[in-house]
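*Asks:* This is the structure, below, for whatever I ask next.
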Amino acid sequence: MPHISGIRDYLYDRLAPKITDKNRLGVWLDQLLTDVYGQVLCANLYIDLKNDFLDEAVAIAIIENMDFPKYNARGAFYSYIEEHQDGILFGHRSGPQSLDEHPYVRVLSLQEMIDRYLRVPMKLPFNYEAELEVMESFFNLPPEQRENLGIVTAIARGTLMNVWITNLDELNSVKPGVASDPSKGSRADKIRDKLGFHDFHEGKLVAIVYPKTFDMAFVYIPTTVDAHSGCLHYLSIKSSNGWGRTCCLNAQNDGCKERVHRPFKGLTSDFELTFLGEITQRANPDLDHLLDQALLRA
């Protein structure tokens, strides 16, 4: 397992010959080492460059053109990606991946589901009644009367155009919490933790289950540059078998398989909305675990 200082030196030695301002590169790397999330970014770049998952020219272009030192080291790196997504995202050298034997799944909060998918077609209000209406329409009515996702003809984009997914088998492997011991958390808490949703402290968790024969967009293994400034717990991985892997918020569970796909216009009735449960405990990210996992993967 490499030391973080060795990772920093590797990145400098590899990139400096092709960087115009070598002193600026060194200052940027040194600033990254001053906090955990910056060290994680260094480890991710190390994994992706050393294993030839990420085109070196892409990393160099970001570092050469990012607005540093105007922004802090990590912020400058990801701000550039957020503003120049074309030609950066979906860059894993293995290219598009083949379909998995298990359906893809996008996990998100019910509120995000409303904001990105359901607000417009269902004409939902901007208050708690929106959640009540979605719960009634998709989960509480008799099956033959329930709404389906074919009503979604447009999807609101997040910070980046990519969409993060896992697979159904990963979700099914997460067992319900123990009712007699609420301190161990709900199934939704465990899924939240395994997916690395560090800022999701309350609310309901849902999943969009994709058709097993999904062919509406190319799907890729993520790299460092598929994350954004808010992806604090993203980790690259060097042995992927066609998948990335999330980092759990704590050492109690392993992460989940993950991929990213390109955006597409809307959903069809072949997509299904599944209720995963209610968050019962605040997220409690273990930063020592995050850094340990980053260095172990390196």
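The values are calculated or read from the model by the stated rules, or taken from the named source; none is laboratory data. This structure is a prediction, so every number in the text was calculated from the model and none was measured. Positions of Cβ are generated from backbone atoms using ideal geometry, with glycine treated the same way; all protein chains shown enter the neighbour counts.
*Asks:* May I ask you to verify whether D48 is surrounded by fewer than 21 Cβ atoms within 10 Å (Cβ to Cβ) and of a type in the set (D, E, K, R)?
*Replies:* Numbers: surrounded by fewer than 21 Cβ atoms within 10 Å (Cβ to Cβ): no; of a type in the set (D, E, K, R): yes.
No; evaluated as a whole, the condition is false for this residue.
*Asks:* Got a sec? Which of S79, S98 is closer than 21 Å to L41 by Cα, of a type in the set (S, T, N, Q) and not assigned by TED's automatic domain parsing to the domain that holds L149? Talk me through it step by step, then tell me what you get.
*Replies:* Details: S98 fails: closer than 21 Å to L41 by Cα.
From the options S79, S98, the qualifying one is S79.
*Asks:* Being polar (S, T, N, Q) and over 15 Å from H233 (Cα atoms) narrows it down to one of Q293, Q281, so name that one. Talk me through it step by step, then tell me what you get.
*Replies:* Values: Q293 fails: over 15 Å from H233 (Cα atoms).
Checking each option against the conditions leaves just Q281.
*Asks:* Tell me which of these N250 doesn't satisfy, since it passes every other one: (1) in contact (Cβ under 8 Å) with a residue 60 or more places away in the chain; (2) part of a loop (DSSP other than H, G, I, E, B).
*Replies:* That leaves (1) as the condition not met.
*Asks:* Give me the residue from region 235-268 that is of a type in the set (S, T, N, Q) and more than 14 Å from Q293 (Cβ to Cβ) and, out of that set, farthest from the chain's Cα centre (by Cα).
*Replies:* In this case the residue turns out to be T268.
*Asks:* Tell me yes or no: at least one residue of region 251-261 is surrounded by 18 or more Cβ atoms within 10 Å (Cβ to Cβ) and of a type in the set (S, T, N, Q). Give the steps one after another, and end with the answer.
*Replies:* To start, the set of residues in region 251-261 that are surrounded by 18 or more Cβ atoms within 10 Å (Cβ to Cβ) comprises 255-261.
Now narrow it down to the ones that are of a type in the set (S, T, N, Q): none.
No, because not a single residue in region 251-261 is surrounded by 18 or more Cβ atoms within 10 Å (Cβ to Cβ) and of a type in the set (S, T, N, Q).
*Asks:* So which residues in region 51-82 are in contact with a helix residue (DSSP H, G or I) (Cβ under 6 Å, 6 or more places away or on another chain), β-branched (V, I, T) and under 23 Å from G158 (Cβ atoms)?
*Replies:* I62, I81
*Asks:* Considering each residue of region 264-294, count those that are surrounded by fewer than 17 Cβ atoms within 10 Å (Cβ to Cβ) and touching a Pro at 6+ places or on another chain (Cβ under 8 Å), and give that number.
*Replies:* Looking only at that region, the number is 3.
*Asks:* Scan region 112-138 and report the pairs whose first residue is in contact (Cβ under 8 Å) with a residue 12 or more places away in the chain and whose second residue is exposed (fewer than 13 other Cβ atoms within 10 Å of the Cβ) and among the hydroxyl-bearing types (S, T, Y), with Cβ atoms within less than 8 Å and a gap of 6+ or a chain change.
*Replies:* P121/T153
*Asks:* Here is a check on your reading of the model: is N241 surrounded by fewer than 17 Cβ atoms within 10 Å (Cβ to Cβ), out of contact with any Gly (no Cβ under 6 Å at 6 or more places or on another chain) and on the phi > 0 side of the Ramachandran plot? Break it down into steps so the answer makes sense when it comes.
*Replies:* Working: surrounded by fewer than 17 Cβ atoms within 10 Å (Cβ to Cβ): yes; out of contact with any Gly (no Cβ under 6 Å at 6 or more places or on another chain): yes; on the phi > 0 side of the Ramachandran plot: yes.
The answer is yes for N241.
*Asks:* For region 271-291, what are the residues that are touching a residue at least 24 places away in the same chain (Cβ under 8 Å) and within 24 Å of D48 (Cβ to Cβ)?
*Replies:* Initially, region 271-291 is screened for residues touching a residue at least 24 places away in the same chain (Cβ under 8 Å), giving 271-287, 289-291.
Residues satisfying the conditions are P285, D286, L287, H289, L290, L291.
*Asks:* Another question, then. Going by the conditions given, is A43 buried (at least 17 other Cβ atoms within 10 Å of the Cβ) and not assigned by TED's automatic domain parsing to the domain that holds I237? Full working, then the answer.
*Replies:* Values: buried (at least 17 other Cβ atoms within 10 Å of the Cβ): yes; not assigned by TED's automatic domain parsing to the domain that holds I237: yes.
Criteria met by A43.
*Asks:* Does region 128-154 hold any residues that are under 17 Å from D115 (Cα atoms) and polar (S, T, N, Q), and which are they?
*Replies:* Correct list: S137, N148, T153.
*Asks:* Going by the structure shown, is A154 touching a residue at least 40 places away in the same chain (Cβ under 8 Å) and of a type outside the set (K, R)? Break it down into steps so the answer makes sense when it comes.
*Replies:* Values: touching a residue at least 40 places away in the same chain (Cβ under 8 Å): yes; of a type outside the set (K, R): yes.
Taking the combined requirement at face value, the residue satisfies it.
*Asks:* From (1) in the same structural domain as T224 (by TED's automatic domain parsing); (2) more than 25 Å from I221 (Cβ to Cβ), pick out the condition that doesn't hold for E112.
*Replies:* The failed condition is (2).
*Asks:* Working carefully through the options L232, L291, find the one that is under 23 Å from L110 (Cβ atoms) and either within 17 Å of the chain's Cα centre (by Cα) or not assigned by TED's automatic domain parsing to the domain that holds K50 (or both). If you could, list the steps in order and put the result at the bottom.
*Replies:* Details: L291 fails: under 23 Å from L110 (Cβ atoms).
Just one listed residue meets the conditions, L232.
*Asks:* Same structure, new question: Among the residues of region 201-209, is any among the basic types (K, R), touching an Asp or Glu at 6+ places or on another chain (Cβ under 8 Å) and farther than 29 Å from V58 by Cβ?
*Replies:* Quick first cut of region 201-209, residues among the basic types (K, R) only: 204.
Subsequent filtering for residues that are touching an Asp or Glu at 6+ places or on another chain (Cβ under 8 Å) retains 204.
Right, trim to farther than 29 Å from V58 by Cβ and you get 204.
Yes, that holds for at least one residue.
*Asks:* Mind listing whichever residues of region 111-123 are surrounded by fewer than 17 Cβ atoms within 10 Å (Cβ to Cβ) and of a type in the set (A, V, I, L, M, F, W, C)?
*Replies:* V120
*Asks:* Checking the structure you have, find out if any residue of region 217-230 is in a strand (DSSP E or B), in contact with a Ser or Thr (Cβ under 9 Å, 6 or more places away or on another chain) and in contact (Cβ under 8 Å) with a residue 40 or more places away in the chain. Spell out how you get there, then give the answer.
*Replies:* Our first condition is that a residue be in a strand (DSSP E or B); within region 217-230, this holds for 219-220.
Still in the list and also in contact with a Ser or Thr (Cβ under 9 Å, 6 or more places away or on another chain): 219-220.
Those still in the list that are in contact (Cβ under 8 Å) with a residue 40 or more places away in the chain too: 219-220.
So far as region 217-230 goes, yes, one or more of its residues are in a strand (DSSP E or B), in contact with a Ser or Thr (Cβ under 9 Å, 6 or more places away or on another chain) and in contact (Cβ under 8 Å) with a residue 40 or more places away in the chain.
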